[in-house]
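Undergrad: Handing you a structure now.
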Amino acid sequence: MPDHAEEKCLHQGHRERLRERFLEEGLDRFEDHQVLELLLFQVIPRGDTNPIAHRLMERFGSLSAVLEADPTDLASLQGIGTRAASFLSLIPQVTRRYFQDRV
């Protein structure tokens, strides 16, 4: 089992690598938990969001189910507070507004 220093080294630069990959490739080749990680970066400024993203996927089953989940249910998961829960819940609502505006 890796020690804390090895684990920290493994994750160092992870956020920046994911952001760069998104800017270069878009989201098409990202797995759902990686999309959640990118979103969580915006509201969880430090720490490893990967386990949080995996917990969300395990609990809700899909990216769309996570985004459509009740904010109270989201906030009850370890690592997700009210700020992250409200942000994730905002995404589908903003998306609906975006598509309404485009029509």
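The values are calculated or read from the model by the stated rules, or taken from the named source; none is laboratory data. Quantities reported herein were computed from a predicted structural model and do not represent experimental measurements. Heads up, the Cβs are rebuilt from the backbone with ideal geometry, glycines too, and the neighbour counts pull from every protein chain shown. These area figures cover heavy atoms from the full protein model, side chains too; ligands, DNA and RNA do not enter into them. Shrake-Rupley method; radii C 1.70, N 1.55, O 1.52, S 1.80 Å.
Undergrad: Show me 81-89, 35-43 ranked by packing, highest mean number of other Cβ atoms within 10 Å first.
TA: 35-43, 81-89
Undergrad: Could you give the accessible area per residue of the chain, probe 1.4 Å, as a whole number in Å²?
TA: 70
Undergrad: Normalising by the residue count of the chain, find the relative contact order in percent from Cα pairs under 8 Å and 6+ residues apart.
TA: 19
Undergrad: What is the sum of charges, Lys and Arg at +1 and Asp and Glu at -1, for the other residues whose Cβ falls under 10 Å from the Cβ of Ala85?
TA: -1
Undergrad: In a shell of Cβ-Cβ distance under 12 Å around Val103, excluding Val103 itself, what net charge do Lys and Arg (+1) and Asp and Glu (-1) give?
TA: Cβ neighbours under 12 Å give a net charge of +2.
Undergrad: Continuing with the same structure: List, in order, the whole-Hz ³J(HN,Hα) value for each residue of the stretch 77-84 obtained from phi through the Karplus relation with A = 6.51, B = -1.76, C = 1.60 and θ = phi - 60°; use x for Gly and Pro.
TA: 7, 4, x, 10, x, 5, 5, 5
Undergrad: In addition: Counting only protein heavy atoms and a 1.4 Å probe, tell me what percentage of the chain's accessible area is made up of carbon and sulfur. It would help to have the intermediate numbers written out before the result.
TA: Working: 3780 of 7240 Å².
Summing carbon and sulfur atoms, their accessible area is 52 percent of the total for the chain.
Undergrad: If each DSSP helix of 4+ residues adds -39,500 (n - 2.57) and the sum is divided by the residues in the chain, what number results at 222 nm, nearest 500 deg cm²/dmol?
TA: Counting only the DSSP helices, I get -21000 deg cm²/dmol.
Undergrad: Counting Lys +1, Arg +1, Asp -1, Glu -1, what net charge surrounds Arg21 among other residues with beta carbon under 13 Å of its beta carbon? Intermediate results must be reported in sequence, preceding the final value.
TA: Working: positive: Arg15, Arg17, Arg19, Arg29; negative: Glu16, Glu20, Glu24, Glu25, Asp28, Glu31, Glu37.
Result for the local shell: -3.
Undergrad: Which one of Ile80, Ile91, Ile44 has the biggest mean-square fluctuation once the chain is modelled by GNM with Cα springs under 10 Å?
TA: Its mean-square fluctuation being the largest, the pick is Ile91.
Undergrad: Now for a separate question. Set the Förster distance to 25 Å, then compute FRET efficiency between Arg59 and Arg21 from the Cβ-Cβ distance, nearest 0.05.
TA: Computed FRET efficiency for Arg59 and Arg21: 0.45.
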